[in-house]
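The values are calculated or read from the model by the stated rules, or taken from the named source; none is laboratory data. Computed from a predicted structure; not experimentally measured. Quick reminder, even Gly has a Cβ in these numbers, built from the backbone with ideal geometry, and neighbours come from all protein chains shown.
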Amino acid sequence: MAENVGTNVVGRAAQAAPPNRFVKIHVESDFEQLADDDELLAEERRVPTEFLVDQSQSLITSNDSPDVPFRYSANPYRGCEHGCAYCYARPGHEYLGFDAGLDFETRIMVKQRAPELLREELAKPAWRGEFIALSGVTDCYQPAERHFRLTRGLLEVMLEARQASGIITKNALVARDIDLLEQLSKLRLAEVNFSLTSLDAELQRTLEPRTSNPQAKLAAMKKLSAAGVPVRVMVAPVIPGLTDHEMPRILEAAAEAGATSAGYTLLRLPLAVRPIFLDWLGRNYATKLEKVKSLIRDTRSGSLNDPNFGSRMRGEGPYAEQIRQTFKVYTKRYGLDRPLPEPDYTQFRPPRPPSGQMSLF
């Protein structure tokens, strides 16, 4: 299990710092000496967010996973202040020397040159305007985006280059950039995918404490869809025994907000995500802990996680099939059983490179 880092860290889903599997030394905080000092203990309960410069020299990454519907993605941030207790991206922070718990949501790597890097890569002769997802890993509209505005910078480059892209987010902040998204959508070059886990605001505040509340997400969906931006709702992740019963209501609410397509994924608990999520579940829903674990095992061939392609996103067994059938029935009922419009890749044109030098050909 993960090591406890204190008592009720304020505003964070992770209350644990699991050992980094790549680092031999693990430091465990000792709060015993603070037991009678409420003032000092209160300070330890507040973990500020640090923004660190990411020196990456490239932005577009590729994957060949059969479970992922896109090949290329771009992520302006590593780590995510949203701090969702279930986030599958948490183990990636271990490659940076951090832990997948509090470090993941409080030490955010910022690719300050992201728009410039995107411009450089789109201007390369080998690039042909293939679809790019923003973001395939951590949320490109997490709270840091209010200040750094890197995602907006990426969209500006996308518009100039007529580059097809799709956004995946849990944050209503995406509606801030409706001016760019509307222009891209008119050219059939943009879509927005909203990840909506629950309509229960109380559950959402603890499970994903720094995401937008459910009503704010629905309002952003409505605003974007009214502007002609294609919107898909992702019921993600579906947590057996905790949020799975909400799927029909989520799909109905999303359809009313203008979504025209839907998808879902089942909860995944790879590596360090498992102890973090189970610690969160035990703290907040102790009476449901064993039931949720049992139902997860029912969908994962007796285990708490399934890393295999094909089954890791949807699960297997009768309970997973019940979730699949529920999704199928209600997407059809609410008109969400159709794909978003196919992007028009023919419009791509390489942007002017940062140097300003135009191509001779």
Looking only at residues in the stretch 16-68 that are of a type in the set (Ser, Thr, Tyr) and either surrounded by 13 or more Cβ atoms within 10 Å (Cβ to Cβ) or under 30 Å from ALA133 (Cβ atoms) (or both), which one is modelled with the lowest pLDDT?
SER65
Residues in the stretch 89-135 that are within 23 Å of SER185 (Cα to Cα), in contact with a strand residue (DSSP E or B) (Cβ under 9 Å, 6 or more places away or on another chain) and surrounded by fewer than 21 Cβ atoms within 10 Å (Cβ to Cβ): how many?
4
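Residues are listed down the side, and each one gets a yes or a no for (1) part of a loop (DSSP other than H, G, I, E, B); (2) modelled with pLDDT under 95:
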residue	(1), (2)
LEU271	yes, yes
ARG274	no, no
PHE277	no, no
LYS288	no, no
VAL292	no, no
GLY302	yes, no
PRO307	yes, yes
VAL329	no, no
ARG352	yes, yes
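Looking at the stretch 336-346, which of the residues that are of a type outside the set (Phe, Trp, Tyr) and over 25 Å from the mean Cα position of the chain (by Cα) is nearest to TYR264 (Cα to Cα)? Reasoning before the result, please.
Our first condition is that a residue be of a type outside the set (Phe, Trp, Tyr); within the stretch 336-346, this holds for 336-344, 346.
With over 25 Å from the mean Cα position of the chain (by Cα) added as a condition, the list becomes 344, 346.
Working: ASP344: 25, THR346: 30 Å.
Going through the qualifying residues, I end up with ASP344.
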GLY136 meets each of (1) within 15 Å of ASN75 (Cβ to Cβ); (2) of a type outside the set (A, V, I, L, M, F, W, C); (3) assigned to a helix (DSSP H, G or I); (4) out of contact with any helix residue (DSSP H, G or I) (no Cβ under 8 Å at 6 or more places or on another chain) with one exception, condition (3)
Mind listing whichever residues of the stretch 94-115 are part of a helix (DSSP H, G or I) and either of a type in the set (Asp, Glu) or under 16 Å from the mean Cα position of the chain (by Cα) (or both)?
GLU94, ASP103, PHE104, GLU105, THR106
Inside the stretch 166-190, the number of residues satisfying the requirement of being in contact (Cβ under 8 Å) with a residue 60 or more places away in the chain and not aliphatic (A, V, I, L, M) is 4
Please state which one of SER185, SER195 is of a type in the set (Ser, Thr, Tyr), out of contact with any Leu (no Cβ under 7 Å at 6 or more places or on another chain), within 25 Å of ARG90 (Cα to Cα) and modelled with pLDDT of 95 or more.
SER195
Out of ALA216, ALA220, ALA236, I need the residue that is out of contact with any strand residue (DSSP E or B) (no Cβ under 9 Å at 6 or more places or on another chain) and either of a type outside the set (D, E, K, R) or part of a strand (DSSP E or B) (or both). Which one?
ALA216
Filtering the stretch 147-183 down to residues that are of a type in the set (Gly, Ala, Ser) and not in a loop (DSSP other than H, G, I, E, B), which residue is farthest from the chain's Cα centre (by Cα)?
ALA161
